[in-house]
Amino acid sequence: MPSSSENLEMVNQPIRQNRLNKILHKNLRIPQWVVRPFYSALKIAASPIQYRLRKRLAREIVATTQSLITIPERDGYRLFGPDDIEGTDCIVRSCTEVYQKSREAFPPEYFQKHPHKKFLFPILEGAEFCRHPELLRLMVSRPILDAAAAYLGTVPKLSGARLCWSPANDTARSSQLFHFDYEDLRQVKVFINIFETKEDQGPLTFLPADISQQVQRSIGRVLGRVQDERIYEGGGRNHEVKLIGPPGSGAFLDTSRCLHYGSRFNRRDRLVLIIQFLNCFSSYRSTAPFDVPPDLPGFKPDPVQKLALGIH
C-alpha cells in the first residue's frame with residue numbers, strides 16, 4: 001500500500017488536457033454522450049496512478065465506513081432529513097446569511113443583463129465559496145463526500161457548487177422542463193433546501209433512475225428538454241419525487257440518470273445549495289471552476305478531501 005508521501009506525489013501528478021473533445025463535438029458534431037466516455041478514457045490512460053489511487057480509496061471507504069450513506073443503484077437518488085448529516089444546520093445558517101447580505105446589495109442591473117432568466121440566480125458559485133471556508137469544509141464533509149465516492153466508485157472531484165435563489169415566477173421552460181444533465185454518464189449532485197420548501201416554491205422534481213430509463217425505452221433517447229405530456233406517455237406519470245421539506249433537508253441525485261426539473265411556477269422564494277461531484281476523469285469542464293488554495297483558514301482537509309478539492 002502506498003505511503004502518505006507516495007499518495008501526495010500521486011495527487012500532484014497533473015492530468016494532461018487536449019482539444020480532442022472540442023474537435024469531435026464542435027467540429028465533427030459527434031454527440032457529447034459519445035465523445036465524453038472516449039475522452040475520459042484518454043485522460044485515465046494519461047494518469048493511471050491517480051486513477052488507481054482514487055478507485056482504491058473509494059473501495060476502502062465502502063469497506064470501512066460504518067455510517068456510510070448509500071445511494072441505491074436502481075433509484076439513483078437518496079433523500080435525507082435535516083438531522084441525517086452532521087453540519088447541515090451550519091450550512092443552512094451560513095447560506096441564509098449570504099443570501100440576506102447578497103439581496104441587500106443585489107445590483108438592479110443584474111436583472112437587466114439577464115432579462116429572460118427568472119429562476120436559479122447564482123448568489124455564490126465556484127471559487128467564490130473559497131471566501132466562505134466554513135461552507136467549503138461542510139460541502140466536502142466526509143458523510144457527503146463518502147456517499148458520492150461510494151456511488152461513483154472513485155474519489156470524485158468537487159466540480160461545481162451554486163447557492164441558487166429562485167424568486168416567484170410563472171415560467172415553465174429550459175431547466176424547468178424534464179431533462180437529463182450530460183456532464184457525464186453518472187454524477188452526484190447534492191441538493192440542500194436552505195429555506196423550508198413546499199410545493200408552491202417550485203421544488204426540485206425528479207423521476208427515479210429506473211423509471212427514467214423506462215421512459216427512454218418508451219419514447220426514445222431524451223437529448224433536451226421534454227414536456228410533461230411526453231414523459232407521462234412513456235410511463236413517468238405518478239412517479240415524481242418532489243424535494244419538499246424543512247431547511248437542511250435534501251437529496252443526493254444522479255442527474256445524469258434521473259429525469260428532473262425545478263423552480264417551475266414558484267409562488268414564493270426558494271433557496272437551494274447545489275453541490276456537484278464528478279469523476280475526476282470526466283471530460284466536462286465547469287463554467288465556474290474551483291481553484292482552492294491549500295491554506296484555507298480553519299480548514300485542514302484530509303487526503304480524501306484534498307483529492308476532491310484538487311489541493312496539491
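Derivation of every value follows stated rules applied to the coordinates shown; laboratory data play no part. On a predicted model such as this, the values are computed, not experimentally measured, just so you know. Neighbour counts are summed over all protein chains in view; Cβ atoms, including those assigned to glycine, are modelled from backbone coordinates with ideal geometry.
Dipole orientation for the chain: of the candidates 288, 248, 45, 45 has the Cα lying most toward the positive pole (charges on Cβ; Lys, Arg +1; Asp, Glu -1). With θ taken as phi - 60° and the Karplus curve 6.51 cos²θ - 1.76 cosθ + 1.60 applied, the whole-hertz 3J(HN,Hα) list for segment 96-105 is 5, 5, 4, 4, 5, 5, 5, 5, 5, 10 Hz, x standing for glycine and proline.
When segment 118-238 is described by a simple charge dipole with +1 on each Lys and Arg Cβ and -1 on each Asp and Glu Cβ, the residue from 213, 166, 235 located farthest towards its positive end is 213.
About its Cα centre, what dipole magnitude does segment 127-242 give when the only charges are +1 on Lys and Arg Cβ and -1 on Asp and Glu Cβ, stated in debye to the nearest 20? Please list the in-between numbers first.
Details: 15 positive and 15 negative charges, 69 e Å.
Value, rounded to 20: 340 debye.
Ranking 144, 223, 85 by Cα position along the charge dipole of the chain, where only Lys, Arg, Asp and Glu carry charges on their C-beta atoms, puts 223 farthest toward the positive end.
Could you work out [θ]222 nm for the chain from helices alone, using -39500 (n - 2.57) per DSSP H run of at least four and dividing by all its residues? Round to the nearest 500 deg cm²/dmol.
On the way: 10 runs with 105 residues, N = 312.
Theoretical 222 nm ellipticity from helices: -10000 deg cm²/dmol.
Within segment 60-101, list the residues whose amide N lies under 16 Å from a label point set 7 Å along Cα→Cβ of residue 238. Output list for this probe position: empty. Using θ = phi - 60° in the Karplus curve 6.51 cos²θ - 1.76 cosθ + 1.60, the 3J(HN,Hα) couplings for segment 166-175 round to 10, x, 4, 8, 10, 10, 8, 8, 6, 6 Hz; x is entered for Gly and Pro.
Taking the number of other C-beta atoms within 10 Å as the exposure measure, put 237, 264 in order starting with the fewest. Present the calculation step by step, with values, prior to reporting the outcome.
On the way: 237 14, 264 20.
With the fewest neighbours first, 237, 264 line up as 237, 264.
Taking a cut-off of 20 Å, what percent of all Cα-Cα pairs in segment 152-237 are separated by more than that? The calculated P(r) of segment 152-237 puts 47 percent of pairs beyond 20 Å.
Each residue of segment 258-272 was assigned a 3J(HN,Hα) from its phi angle through the Karplus expression (A = 6.51, B = -1.76, C = 1.60, θ = phi - 60°), giving 10, 4, 7, 7, x, 6, 8, 6, 4, 9, 9, 4, 10, 10, 9 Hz with x at Gly and Pro.
In this Cβ point-charge picture (+1 for Lys and Arg, -1 for Asp and Glu), the chain has a dipole of about 1200 debye about its Cα centre. For residue 278, the amide hydrogen comes within under 5 Å of the amide hydrogens of 157, 159, counting only partners 5 or more places away or on other chains and with H modelled in the peptide plane.
For a footprinting-style exposure proxy, rank 196, 104 by other Cβ within 10 Å, fewest first. Don't skip to the answer; put the middle values down first.
Numbers: 196 14, 104 7.
Ranking 196, 104 by Cβ neighbours within 10 Å, fewest first, gives 104, 196.
The separation of segment 205-237 from segment 256-300, counted between C-alpha centres, amounts to 24 Å. Other residues with beta-carbon under 11 Å from the beta-carbon of residue 70 carry, at +1 per Lys or Arg and -1 per Asp or Glu, a net charge of -2.
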